[in-house]
Amino acid sequence: MQVSLIKRLSRTIMDPLDGWLLALLAGVFVLSMVALFSASNQSWAKIDNKLVYTVLSLIIMWLLARLSPQTVMHMALPLYATGILLLVGVELFGITVNGSTRWLNIGIARIQPSEIMKIALPMMLAWYFQKYETTLNWRHYVVAAVLIVIPGLLILKQPDLGTATLVMGAGFFALYFAGLSWKVIIGGGITFLASLPVVWNLMHDYQRKRVLTLIDPMEDPLGAGYHIIQSMIAIGSGGVWGKGWLAGSQTHLDYIPERTTDFIFAVYSEEFGLAGNLLLLALYLGIISRCLLITARAPTLYGRLLAGAITLSFFVYVFVNMGMVAGILPVVGVPLPFFSYGGTATVSLAIGLGMLMGIGKLQRR
Amino acid sequence: MKQAARLKDPQTEERQLYWRLLVAYLFMVLMLLLLVARFVWLQVFQYEHFTTLAQNNSISLVPVQPNRGLIVDRNGIELARNYASYTLELTPDKIDNLDATIRALGRIVTITPRDLKRFQKFQSESKDFEPVPLRLKMDDIEAARVAANLWRFPGVEVKARLYRDYPYKELTSHVLGYIGRIGPRDKERMAEDENAANYRGATHIGKLGLEAVYEGELHGQNGFEEIETDSAGRAVRSLRRTAPVHGNTLQLALDIHLQDVADKLFGARRGALVAIDPQNGGVLALLSKPSFDPNLFIDGIDSQSWQSLNEDWQRPLINRAIRGMYPPGSTFKPFMGMAALHAGAIGPNEVRPAPGYFTLPGSSHQFRDSNPRGNGSANLARAIAVSSDTFFYKLAWDMGIDRIHPLLAQFGLGSRTGIDLDGEAVGVLPSKEWKARRFAGPRYRNEHRRWLPADVVSIGIGQGFNAYTPLQMANATAVLANNGRAFHPHLVQSITDARNGRTRLIEAAPYKQLPFRQQHYDYIKQGMQAVMQPGGTGARLGQGLQYSMAGKTGTAQVVQIKQGAKYNAGALAEQHRDHSWFIAFAPVEQPKIAVAVIVENAGFGAAAAAPITRALFDYYLTGKLPDDIRSQLETFPPSVTGKQDASVAH
């Protein structure tokens, strides 16, 4: 009796979730806890906090995975419209911090509407292409491009180049899976490279500085290059097997900036070395592979587009964060998924993966 | 269109999707391989290079500690100050044989077993690459001797450090509190407040008292120095320096001379004293006896001293002035009188009997007067002067608790006064709701929770459930003295900003005006003045006054006396004897000081607490001081007789 009850209960809980993804995420979670304990100077308060928001993220993931993708799809248009309205609200009444206007005070809390767009935009596009699936022609791609550019420009204006790129990237991935012509993609790529000098002129000083720092961090070792140099020293001196847990001198002598959030990978890499890096990369590759498999098996166009966009976005986060910490990409504020300390990012990633699991449930036999 | 037609074919569509998925997947794998290549480059091929860089990390960001703000009394006398001295610090990571190094150092400077024990404790709390102090407070000669030998000891450093010092020790401990080494709990709190960066390299933080409450003002802002170091980790040159912003200076309303005089007047007795300037709420003196030396706590108290302080039955670590809750006894009567006048329960000059005992209708229980023969008959002012219990029993009975409670709450009784110290007790101003809440637990029955008619009677004379802190009583007295213009009592009077020298006042205006009528204040004050005059309970202490003084004696029962039994101080153990209370202010016309004093287990108010107050007022208002007190003082107040030098010793 009791055994069957437990069985039934565990089935109810596990049923909506994807076992493979859950196991891989658990692996990332364990490594991230180990790294956080070291990065935070063994602060139990941070460990507690992380536990709390991880459990919260799991619940949200579970709830979304239980919902049928059909139900979620109907939220696409309202969510997108709300997101755009809030972005316009930011433009009009936003809160300015450090020269950028990204937040909106809604009485109880501050929200960052550009975060909503990260998921709302691919949902909107997936819904849009599904709706016109049978009559799809080039005009629909133009409309889709407009749907991407509107929030993109609004976020660029804040200014927040990092988030704008991520949001537009998520939209582009949906277009890509919707069958955007290769000619357009390649043509667009060439146009983009050609327009770089123009972009350079439009950039803010701090953004230019970041790019310059990337090209030669030694140029300004105490200023803009300091963070990258110190994080590269941390990674490099980790060697193949690392310095051992809690023994990273770069970490504990306060050389690594933002070491619980954006730069936590440097802490991990210093203490666990190349071996640790490969293990973590393998876990992320596993997650991405599983997500793409779900995408391939999705029964509807909406499911394929949304799942594909979520997967590629996830990859972009991983790549951009690690690339930044390893000194091959400019410093933009992108956290390492499910690894960096921070509840907002984790919850929003969990929303994406929850929807993806929901799509995975309705596989074609 | 051709494209549209192609998309409609599910087979082609599927093939196209798979193709695109494959491209995306290959792209991602390629990018991840790029990351792997980068890691291999950094961690395998460049490993040696980065290891050297990490070991001699050639540019270090060294935090520059701000100087902690000073705390001075109202006359500018330093109560908490800093002095520079040297520490001997060891970085275990850089030392091959720690024991041998410590032994060798022991031949150069004295290292006591206590130093060694403290070193081991600090070492266990910190990481191996963090410097740990072995010897504190080395003088110049010792520091020079070690410095000359430093080449023999890699990983050993002599650092100049600022130490905190409380020159008046026991006198100020319950006000200033102390700073102590930053512990694991402080670190967690800093992490939560996102404040850790400002404490990088800091060793101490405010733990108690003003040092803790005003931590944000006192600590200041970290500076940073970027230093280029050689391969041995020695500083070669400073590249850039951001100066620290030193902590702000706190100027107290407290007068250290007055505090000193009050302390000596108490002598070895237990209790508390709070003196407030009624005109602005500034706390002139705040004493809790016995006390302790806060300097013991700064670098970690040794277990023996801690044990003796913590297990002392006199509880020197408890701040009685803000945490001790005592029934106010008869010092409650002036406030009770204000409430009765305001509620119209009695008119001024209305004469009533004041017999030897009071009984409730239909009950034989006798509420006795402290004067068994009674006081004949009296009006309210005289009832205060002679402290008639039966008069106030009747008054409380007539008014009922529902009318008493809100009016006495006006004086801040039964709620925190809002003083700038942590841990203030709330006290108990009884009400029906309070009783229901107090006895809510399953251990009590309904008859415990219900308000009984008799409950109100003893409340009228400040006994029963009443319980207030000395601070609350001093605050209520100050508000009464100032005709209802209420300030939050505050120790800190002003804060001087270290950056621009600008001074901020803490509380410049009263925060409320009590709703009582001026003629009622005048009448009650007249009664309190009569306390000090012939026929009053404090008449002996009102002799030879050079200024006008209003007061009220009180006696707080520690043990309930059985019906019919007689209170006999001699027969009771000392700890069961009554507490002696006194509240007072002076001069009556334009009050400069309001005081509440409690002396524990010292009997009647007029016996112990009132003489302390009178002597304190004499000193504060006229400068007069008994010789035996003057000879004990730790501070040297300017003398009116001109015998002592007016300058102030630190």
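Tabulated values for the structure
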item: Calculated SAXS-style log₁₀ I(q)/I(0) at q = 0.14, 0.34 Å⁻¹ - region A:48-94, Debye, Cα scatterers; result: -0.59, -1.07
item: Two-site FRET efficiency, B:R499 against B:Q533, from Cβ-Cβ distance with R₀ of 60 Å, rounded to 0.05; result: 0.65
item: Relative compactness, the protein assembly as shown, computed as alpha-carbon Rg over 2.2 N^0.38 Å; result: 1.24
item: Inter-chain shielding of A:318-327 (mean C-beta neighbours from other protein chains, 10 Å cut-off); result: 3
item: Separation of the B:D93 and B:R540 label points, Cα + 7 Å toward Cβ, nm; result: 7.0 nm
item: Neighbour-count ranking [beta-carbon atoms within 10 angstrom, fewest first] of A:L87, A:L31, A:L92, B:L252; result: A:L92, A:L31, A:L87, B:L252
item: Nearest 10 degrees, 0 to 90: helix B:140-149 Cα axis against chain B principal axis; result: 20 degrees
item: Rounded, prolate or oblate (a/c below 1.5 giving rounded, otherwise prolate when a/b exceeds b/c) for region A:307-352 by Cα gyration tensor; result: oblate
item: Globularity index of region B:111-259, i.e. its alpha-carbon radius of gyration over 2.2 N^0.38 Å; result: 1.23
item: Extension gain, B:K159 back to B:V426 (0.36 nm per residue minus Cα-Cα distance, nm); result: 91.6 nm
item: Per principal axis, descending, Cα span of region A:50-361 in whole Å; result: 59, 47, 44
item: Difference of contour (0.36 nm per residue) and Cα-Cα distance, A:R8 to A:L92; result: 25.0 nm
item: Averaged over B:19-30, number of beta-carbon atoms from partner chains that fall within 10 Å; result: 5
item: Three-way shape label, region A:233-365, alpha-carbon gyration tensor, a/c 1.5; result: prolate
item: All Cα pairs of chain B, percent lying beyond 39 Å; result: 47 percent
item: Within 10 Å of each Cβ in A:42-49, the average number of Cβ atoms from other chains; result: 3
item: Acute angle (nearest 10 degrees) that the helix B:333-343 long axis makes with the longest principal axis of chain B, alpha-carbon atoms; result: 80 degrees
item: Ranked B:M528, A:M357, criterion: other C-beta atoms within 10 Å, fewest first; result: A:M357, B:M528
item: Taking B:V426, A:V97, B:V599 and counting other C-beta atoms within 10 Å, the order from fewest to most; result: A:V97, B:V426, B:V599
item: Gained length - B:R241 relative to B:R152, 0.36 nm times residue gap less alpha-carbon distance; result: 29.0 nm
item: Table column - 3J(HN,Hα) (Hz), region B:472-478, Karplus curve with 6.51, -1.76, 1.60, x for Gly and Pro; result: 4, 5, 5, 5, 4, 5, 5
item: Of the DSSP H helices in chain A, those whose Cα atoms cover at least 20 Å axially and whose Kyte score averages 1.0 or more; result: A:19-39, A:76-93, A:138-156, A:161-177, A:264-297, A:301-325, A:343-361
item: Hypothetical label at B:A509: residues of region B:456-482 whose amide nitrogen lies under 14 Å (7 Å Cα-Cβ projection); result: none
item: Volume in Å³ per residue [convex hull over Cα atoms, computed for region B:171-316]; result: 174 Å³
item: Ordering of A:188-198, A:35-45, A:165-175, B:446-456 by packing [mean C-beta count within 10 Å, highest first]; result: A:165-175, A:35-45, B:446-456, A:188-198
item: Angle in degrees between helix B:518-531 and the longest Cα principal axis of chain B, rounded to the nearest 10; result: 70 degrees
item: Out-of-range pairs (alpha-carbon distance over 21 Å; input B:K169/B:K207; A:K46/B:K159; B:K137/B:K159; B:K289/B:K512; B:K435/B:K525); result: A:K46/B:K159; B:K289/B:K512; B:K435/B:K525
item: Two-site label geometry, B:T203 and B:N446: point separation in nm, points 7 Å out along Cα→Cβ; result: 6.5 nm
item: Dipole magnitude of region A:50-361, debye to nearest 20 (Cβ charges: Lys/Arg +1, Asp/Glu -1, about Cα centre); result: 980 debye
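FYI, it's all coordinate maths here, none of it is from the lab. The structure displayed is predicted, hence computed values, not measured ones. When we count neighbours, we look across all protein chains shown, and the Cβ atoms used for this are built from the backbone with ideal geometry, even at glycine.
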